[in-house]
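Presented below is the structure to which this report refers.
Read-outs throughout are calculated quantities, based only on the coordinates presented, and are distinct from any laboratory measurement. On a predicted model such as this, the values are computed, not experimentally measured, just so you know. Every residue, glycine among them, receives a Cβ derived from its backbone with ideal geometry; neighbour counts consider all protein chains shown.
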Amino acid sequence: MSPVIGVLAIQGDVREHAHCLTELGSQVRLVKSVEQLSGLAGLVIPGGESTTMSILAVKNNLIEPLRELSSQIPMYGSCAGLIMLADTITEGRSDQQTIGGLHITAKRNAFGRQVDSFEIDLKIPAIGEPDFHAIFIRAPLVESASDSVEVLAAIPSEMSLTGSEQIVAVRQDNLMATSFHPEITSDLRIHKYFVEMVRSA
Ligand code: GLN
């Protein structure tokens with residue numbers, strides 16, 4: 001039997017992640033409550049709106065159980081999910097809670113507003129060739145990362161508006177996060193990478 005991978009289903013593009021995981025042959029469970037966390041082999045935190053996700057996670061008493069679980073099973077966060085997995089955030093709401101675990105500082109809405117959303121072809125050596133077509137929607141940026149964090153992808157300085165390299169995908173042990181949204185493309189390589197992380201955990 002393939003392992004059961006959860007998708008946190010309180011807000012965001014839950015269906016899209018579930019679809020990618022199912023396509024890869026994983027069993028998927030949509031997680032709305034603490035009880036539904038039990039027995040999961042991995043968990044995806046979707047893209048969406050991290051402030052809303054945080055409020056709903058607190059309301060459903062999910063923050064503490066998720067914090068505990070983040071040191072036990074692999075987790076992958078895309079966009080708002082990256083913010084949820086970050087130890088520290090900037091430009092957040094003053095009361096915004098994160099699950100944390102990833103030793104990074106994530107800057108919310110780092111590339112501007114909704115209209116400043118963009119798409120770019122990124123080199124991601126961990127998933128191989130060709131470049132990955134990455135879609136950024138009011139995306140966060142990994143402003144800084146501790147030495148334990150592996151950079152999986154960065155926008156190279158010559159392509160970045162700031163003139164310096166911008167980190168947009170990271171992994172630290174069993175936690176992984178991307179600023180962009182692979183779940184809204186048909187390229188399953190990022191999800192496949194995560195499913196393999198879950199299988200080998
Ligand atoms: N800007 C959103 C936030 O701060 C993230 C956007 C996204 O997930 N597409 O939560």
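Taking the Cβ of each residue in Met159, Met1 as the centre, tally the other Cβ atoms inside 10 Å and list the residues starting with the fewest. Write out the running numbers ahead of the final one.
Working: Met159 12, Met1 4.
In increasing order of surrounding Cβ atoms, one gets Met1, Met159.
For the pair Arg199 and Met159, what calculated FRET efficiency results from E = 1/(1 + (r/R0)^6), where r is the Cβ-Cβ distance and R0 = 30 Å, to the nearest 0.05? Provide the component values of the computation, followed by the final result.
Numbers: r = 33 Å, r/R0 = 1.11.
Step by step, r from the Cβ atoms, then E = 0.35.
How large is ³J(HN,Hα), in whole Hz, for each residue of the stretch 85-96 in order, when computed from phi with the Karplus curve 6.51 cos²θ - 1.76 cosθ + 1.60 and θ = phi - 60°, using x for Gly and Pro?
Per residue, the Karplus-derived 3J(HN,Hα) values read 8, 6, 5, 9, 10, 10, 6, x, 6, 4, 9, 6 Hz.
Expressed as cubic angstrom per residue, what is the convex hull volume of the alpha carbon set of the chain? Intermediate results must be reported in sequence, preceding the final value.
Details: hull volume 21.5 nm³, N = 201.
Cα-based convex hull of the chain, divided per residue, equals 107 Å³.
Determine, from the Cβ-Cβ distance of Met1 and Leu56 and an R0 of 41 Å, the FRET efficiency 1/(1 + (r/R0)^6), rounded to the nearest 0.05.
Efficiency, rounded to the nearest 0.05: 0.85.
Taking the Cα centre of the chain as the origin and placing charges on Cβ (Lys, Arg +1; Asp, Glu -1), which of Pro74, Gly163, Val149 is farthest toward the positive end of the dipole?
Of the listed residues, the answer is Pro74.
Please order Phe194, Phe132, Phe118 by the number of other Cβ within 10 Å, starting at the fewest.
On the way: Phe194 27, Phe132 21, Phe118 15.
Fewest-to-most ranking of Phe194, Phe132, Phe118: Phe118, Phe132, Phe194.
Students often forget the sequence filter, so: which aspartates and glutamates lie under 12 Å Cα-Cα from Lys192 once same-chain residues fewer than 8 apart are removed?
Glu23, Glu183
Tell me, what HN-Hα J-couplings in whole Hz come from the Karplus equation 6.51 cos²θ - 1.76 cosθ + 1.60 at θ = phi - 60° for each residue of the stretch 143-151, using x for Gly and Pro?
Per-residue couplings from phi come out as 6, 8, 9, 6, 5, 6, 9, 8, 7 Hz.
With θ taken as phi - 60° and the coefficients 6.51, -1.76 and 1.60, list the Karplus ³J(HN,Hα) couplings across the stretch 126-141 in order, rounded to whole Hz; mark glycine and proline as x.
So the Karplus estimates, Gly and Pro as x, are 4, 10, x, 7, x, 4, 9, 7, 9, 10, 10, 10, 6, 7, x, 10 Hz.
Rounded to the nearest 0.05, what FRET efficiency is calculated for Ser186 and Ser146 with R0 set to 41 Å and r the Cβ-Cβ distance? Could you put the intermediate results ahead of the total?
Working: r = 34 Å, r/R0 = 0.82.
Efficiency computed from Cβ-Cβ geometry: 0.75.
Given 10 °C and 1.306 mPa s, how large is the Stokes-Einstein diffusion coefficient of the stretch 7-81 in µm²/s, with Rh as the Kirkwood radius over Cα pairs? Write down the numbers at each step before the final one.
Numbers: Rh = 12.3 Å.
Answer from the Stokes-Einstein relation: 129 µm²/s.
Under a 5 Å amide H to amide H cut-off, with H placed in plane at 1.01 Å, what residues pair with Thr88 once short-range neighbours are removed?
Amide H neighbours of Thr88, under 5 Å, 5+ apart: Ile104, Ala106.
For the residues Asp116, Asp95, what sequence is obtained by ranking on other C-beta atoms within 10 Å, fewest first? Can you show the working numbers first?
Details: Asp116 14, Asp95 9.
If I rank by nearby Cβ atoms, fewest first, I get Asp95, Asp116.
Take each of the peptides 137-150, 59-72, 81-94, average the number of other beta-carbon atoms within 10 Å over its residues, and list them starting from the highest. Please list the in-between numbers first.
Numbers: 137-150: 18.2, 59-72: 15.4, 81-94: 21.1.
Going from most to least packed, we get 81-94, 137-150, 59-72.
Using the crude model of +1 on Lys and Arg Cβ and -1 on Asp and Glu Cβ, and no other charge, please compute the dipole size for the chain relative to its Cα centre, in debye to 20. Let's see the in-between values first.
Working: 15 positive and 24 negative charges, 110 e Å.
It works out to roughly 520 debye.
Just to be sure I understand: with springs between alpha-carbon atoms less than 10 Å apart, which residue in Gln97, Gln36, Gln11 has the highest mean-square fluctuation in the Gaussian network model of the chain?
Gln36
Hey, can you list the DSSP H helices of the chain whose Cα span along the axis is 18 Å or longer and whose average Kyte-Doolittle score is at least 1.6? Could you put the intermediate results ahead of the total?
Values: long enough: none.
Once both thresholds are applied, nothing remains.
So which lysines pass the test for Lys32, namely a Cα distance under 16 Å, with those fewer than 8 places away in the same chain ruled out?
Cα-Cα hits under 16 Å: Lys59.
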